[in-house]
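Peer 1: The following block contains the structure, expressed as structure tokens.
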Amino acid sequence: MPRIVTLLPSATEIVFALGFEDQLVGRSHECDFPRAVVRVPALTEAKFNAEGTSAEIDQRVKKIVADALSVYRVDAARLRELKPDLIVTQSQCEVCAVSEREVEAAVAEWLGARPRIVSLAPYGLDDIFTDMQRVADALDARARGTELVERLRARLAKIAERARGASKRPGVATIEWIAPLMAAGNWMPALIEMAGGVNLFGVAGEHSPWMKFDELAASDPDVILIAPCGFSMERAAQDLPVLTNRAEWGRLKAVRGGQVFLADGNQYFNRPGPRIAESLEILAEVMHPELFHFGHEGAGWRRL
């Protein structure tokens, strides 16, 4: 049986969903779901201090990247000891998880058989399913991948079909980072549309864009979803005063209407794996509570 190392949380969830959890021998320090994965040794660590405000973290990461350095450290010696047959990493974002470049550097001096490296690149919604199938194919489990993808697509399609019956389509602004302000791109615009909303910022299949508060105010969204990348709701709440203390905040339509929501970006929206279906469920019940109730309130999202 193949020995597998996954170096980003979504890859770990894909491996579990495909039924290969017993073959997982290494993971990243951020892989935390399903909970059973904590028994597997962590092979990475961040080179920056993740404590502090959003603005402070942003500056630390930008300084590392500006110096042409890697944001993460891979334990190359431990990785070699584990003798993996397959390493799953990513090439989409240098600051979100260990990149393909970092993995290639870690195994560059290995002699003899080298592990296969599968690098995920989920820019848009369809890419997430393509990546699931690529991991399955690398594990000689094509049928399992096909079944997983078909099952998840069916869940999404069922929600989208019901959302088309909504009496209104609210304009939605999704905030992926608080300071500096960033909107959500990649797969999020497609999910918002499927959940029965109108996406106001970010382009499907493209990187998440920086934005100005004035742009947010000018769009005056019906719904604001705050789901910072890598943050739980509790962690994100610490930085909310950056937004809520602005004089213009209270004048926004979403704020006046009680339609501002805090969500767990780390576990759902920023994690392009099997729980993309739960992400859509959260969006649907936030935007259209008259049509949807999946029970994610409290754990996946809460109203501000």
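The values are calculated or read from the model by the stated rules, or taken from the named source; none is laboratory data. This structure is a prediction, so every number in the text was calculated from the model and none was measured. Neighbour counts run over all protein chains shown; Cβ positions are idealised from the backbone, glycine included. All accessible areas refer to the heavy atoms of the entire protein, side chains included, with ligands and DNA or RNA removed. Shrake-Rupley method; radii C 1.70, N 1.55, O 1.52, S 1.80 Å.
Peer 1: If you place +1 on the Cβ of every Lys and Arg and -1 on the Cβ of every Asp and Glu, how big does the dipole about the Cα centre of region 164-304 come out, in debye to the nearest 20?
Peer 2: Details: 13 positive and 16 negative charges, 40 e Å.
My answer is approximately 200 debye.
Peer 1: Using only helices, what value at 222 nm comes out for the chain when you add -39,500 (n - 2.57) per DSSP H run of length 4 or more and divide by the total residues, to the nearest 500 deg cm²/dmol? It would help to have the intermediate numbers written out before the result.
Peer 2: Numbers: 12 runs with 112 residues, N = 304.
Estimated from H runs of four or more residues: -10500 deg cm²/dmol.
Peer 1: Over region 192-304, what is the mean sequence separation of C-alpha contacts under 8 Å (at least six apart), divided by residue count, expressed as relative contact order in percent?
Peer 2: Working: 129 pairs, mean separation 34.4, N = 113.
RCO, region 192-304: 30 percent.
Peer 1: How large is the Kirkwood hydrodynamic radius of region 227-304, counting all unique pairs of alpha carbons, in Å? Kindly include the intermediate steps, with their values, before the conclusion.
Peer 2: On the way: mean 1/r = 0.0758 Å⁻¹.
Computed over Cα pairs of region 227-304, the Kirkwood hydrodynamic radius comes out at 13.2 Å.
Peer 1: Here is a follow-up. How high is the relative contact order of the chain, in percent, counting Cα pairs under 8 Å that sit 6 or more residues apart? It would help to have the intermediate numbers written out before the result.
Peer 2: Details: 551 pairs, mean separation 45.1, N = 304.
Taking the mean separation of contacting Cα pairs over the length of the chain, I get 15 percent.
Peer 1: Taking N as the number of residues in region 190-259, what is its Cα Rg relative to 2.2 N^0.38 Å?
Peer 2: Here the answer is 1.16, to two decimals.
Peer 1: Relative contact order (percent) for region 239-302, with alpha-carbon contacts under 8 angstrom and 6 or more residues of separation? It would help to have the intermediate numbers written out before the result.
Peer 2: Details: 36 pairs, mean separation 18.6, N = 64.
Relative contact order for region 239-302 comes out at 29 percent.
Peer 1: Within the chain, how many Lys pairs sit with Cα atoms under 26 Å apart, leaving out pairs fewer than 8 places apart on the same chain?
Peer 2: 8
Peer 1: Could you state, as a whole-number percent, how many of the C-alpha pairs of region 162-222 are farther apart than 17 Å? The partial results should precede the final answer.
Peer 2: Details: 692 of 1830 pairs.
Cα-Cα pairs in region 162-222 separated by more than 17 Å: 38 percent.
Peer 1: Heavy atoms only, probe 1.4 Å: what % of the accessible area of region 152-304 goes to carbon and sulfur, would you let me know?
Peer 2: Working: 3280 of 6280 Å².
About 52 percent, which is the carbon plus sulfur part of the accessible surface.
Peer 1: Give me the percent of Cα-Cα pairs in the chain that sit more than 26 Å apart, rounded to a whole number. Please list the in-between numbers first.
Peer 2: Numbers: 21138 of 46056 pairs.
Every Cα pair in the chain considered, those over 26 Å come to 46 percent.
Peer 1: OK, next. Could you pull the Rg and Dmax for region 171-304, using just the Cα atoms, both in Å?
Peer 2: Reported Rg and Dmax, both Å: 13.3, 40.
Peer 1: While we're on this one: Could you do me a favour and compute the accessible area per residue for the chain, 1.4 Å probe, result in Å²?
Peer 2: 44 Å²
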